[in-house]
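Before any comments, here is the structure.
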Amino acid sequence: MNFIVNKIKNYYYYIVIALGLILSILGLVFIKTTPVSDFNYYNQFATDIANGGFWGDTRQAIGYPITLGFVYSERML
């Protein structure tokens, strides 16, 4: 029994990290999420950029949507 307890103590952080990754992946797969509020705005803005649309103006925080638009455009290829 001490052998098992010592093994768990030695690999505690690996076990916790693996369990966290598994739970995160399961959450991404099984929980349906929809963007709301600002996230919806940035998602639509990034989709427009990926489709060759306007990159925005100085009244908007354009760094994030432009970066996300490049990611979307790479995915759409």
Q | Any helices (runs of 4 or more DSSP H) falling wholly within region 1-58 and containing at least 1 residues that are of a type in the set (D, E) | A | 37-50
Q: Could you run through region 6-47 and say how many residues are surrounded by fewer than 10 Cβ atoms within 10 Å (Cβ to Cβ) and within 22 Å of V71 (Cβ to Cβ)?
A: 8
(Q) Return the residues of region 38-77 that are at pLDDT below 75 and small (G, A, S); say none if nothing qualifies. (A) G56, A61
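The values are calculated or read from the model by the stated rules, or taken from the named source; none is laboratory data. Because the structure is predicted, anything quoted here is derived from the model rather than measured. Ideal geometry is used to build each Cβ from the backbone, glycine not excepted, and the neighbour counts take in all protein chains shown.
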